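Notes follow once the structure below has been shown.
The values are calculated or read from the model by the stated rules, or taken from the named source; none is laboratory data. Because the structure is predicted, anything quoted here is derived from the model rather than measured. Here the Cβ positions follow ideal geometry from the backbone for every residue, glycine too, while neighbour counts run over all protein chains shown.
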């Protein structure tokens with residue numbers, strides 16, 4: 001028994017699970033056990049909504065009438081800060097998980113993803129109206145900042161006990177009679193909306209009294225510019241070579257041209273950034289986070305210069321390699337909300353080995369840079385539709401009634417013929433079934 005434990009410890013846990021996409025969901029789950037990503041006791045829960053029922057749903061949102069599911073998949077090949085990771089993604093669109101896995105493998109050739117995260121600061125806003133002198137009011141608030149921050153801490157003793165708390169007071173002048181006070185709070189592993197909303201409401205009358213103003217709105221901002229993530233990666237030119245594109249330098253330069261297009265044109269930049277959010281959102285949905293807040297903050301951040309720009313930057317490194325960086329606000333949570341109530345979210349966080357909110361932000365950011373790279377690579381080579389339609393063919397095959405190995409057989413024929421009509425899929429399926437039966441109907 002001791003020898004078996006030693007042998008198990010010697011098995012290297014890897015995110016490179018060769019041929020994973022070709023296997024059945026059942027076999028994929030078995031491989032996760034073999035690779036020690038999950039235990040045999042845990043794997044069965046991945047097969048469905050185990051533990052998530054109408055009672056659980058009814059406690060989460062209002063007017064519940066049933067449950068609605070999304071596919072939960074795993075992006076592979078991720079090496080983040082030197083650690084092999086599996087990345088859970090909940091998404092309905094074909095090709096996103098495959099794209100993330102492919103790009104992660106390319107980035108792994110250059111050492112993987114390197115991530116730097118800001119402290120988990122969430123910001124409360126208090127609007128002050130009818131201010132008699134914005135200059136005097138601002139000076140008063142800034143002079144009393146230490147006192148006011150101590151009052152904020154008194155409102156959130158539980159957050160203080162977890163190591164969080166008030167960090168800074170900022171005052172911004174909006175017009176001749178309007179100020180907004182930002183109360184920056186470290187919310188640890190929480191996204192912090194409820195915490196800072198309570199802070200805003202609890203401090204509003206105090207701030208209004210000190211400035212002789214009238215308190216207006218009291219709520220957090222989802223432009224989490226104190227809570228950004230920077231993800232960088234390097235892809236050697238040799239890794240960009242494909243069967244149909246043997247010149248890695250040409251592929252690299254095509255990606256750089258696509259990047260430049262996004263820098264010049266907001267219409268292209270929006271689609272460029274959608275490619276980033278394909279990865280980020282899928283991770284956040286799988287892990288029960290507020291992807292809508294992150295989306296809003298990301299697009300505001302992209303337009304902070306006054307012109308909407310790409311969230312990523314790709315360039316040539318000193319040795320000719322392709323180098324990229326994603327920089328964006330990314331407020332995440334592993335405490336409270338769905339992480340506390342939704343068993344599927346809990347399983348996704350555990351499978352991804354997420355250690356806390358900043359680690360989740362790092363993983364989501366890496367996924368975002370990966371899906372962006374994959375999209376730019378496809379656009380600058382064979383076009384975006386080739387890979388997308390190959391995966392779409394599998395869905396058409398399944399809709400036509402194919403199952404098991406027949407899905408791949410029918411999908412391959414559809415892709416080869418470049419015909420994706422359901423009626424054609426049914427014809428191919430009928431022919432394959434007849435052949436398996438020895439020509440008998």
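Structure above, values below:
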read-out	value
From 368, 324, 320, residue being in contact with a strand residue (DSSP E or B) (Cβ under 7 Å, 6 or more places away or on another chain) and not in a helix (DSSP H, G or I)	324
Residues satisfying the stated conditions in the range 278-301, i.e. under 21 Å from residue 376 (Cβ atoms) and surrounded by 21 or more Cβ atoms within 10 Å (Cβ to Cβ)	278, 279, 280, 281, 282, 283, 298
Residue count, the range 136-160 (criterion: assigned to a helix (DSSP H, G or I) and in contact with a strand residue (DSSP E or B) (Cβ under 8 Å, 6 or more places away or on another chain))	11
Single residue of the range 161-177 satisfying the filter (closer than 21 Å to residue 132 by Cα and in a strand (DSSP E or B)) that is farthest from the chain's Cα centre (by Cα)	175
Residues satisfying the stated conditions in the range 282-316, i.e. in contact with a strand residue (DSSP E or B) (Cβ under 8 Å, 6 or more places away or on another chain) and part of a loop (DSSP other than H, G, I, E, B)	287, 311
Cβ-Cβ under 6 Å pairs, at least 6 apart or on other chains, the range 143-163 side on the phi > 0 side of the Ramachandran plot, far side in a helix (DSSP H, G or I) and exposed (fewer than 15 other Cβ atoms within 10 Å of the Cβ)	none
Which listed residue, of 49, 32, is modelled with pLDDT under 90 and in the same structural domain as residue 283 (by TED's automatic domain parsing)	49
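Condition check ((1) surrounded by fewer than 18 Cβ atoms within 10 Å (Cβ to Cβ); (2) out of contact with any helix residue (DSSP H, G or I) (no Cβ under 9 Å at 6 or more places or on another chain)) across all residues:
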position: 359; (1), (2): no, yes
position: 365; (1), (2): no, no
position: 421; (1), (2): yes, no
position: 427; (1), (2): yes, yes
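For every residue, the table says whether it meets (1) over 30 Å from residue 349 (Cβ atoms); (2) in the same structural domain as residue 336 (by TED's automatic domain parsing); (3) loosely packed, with under 14 Cβ neighbours inside 10 Å.
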position	(1), (2), (3)
130	yes, no, yes
138	yes, no, no
143	yes, no, yes
148	yes, no, no
161	no, no, yes
184	no, no, no
199	no, no, no
202	yes, no, no
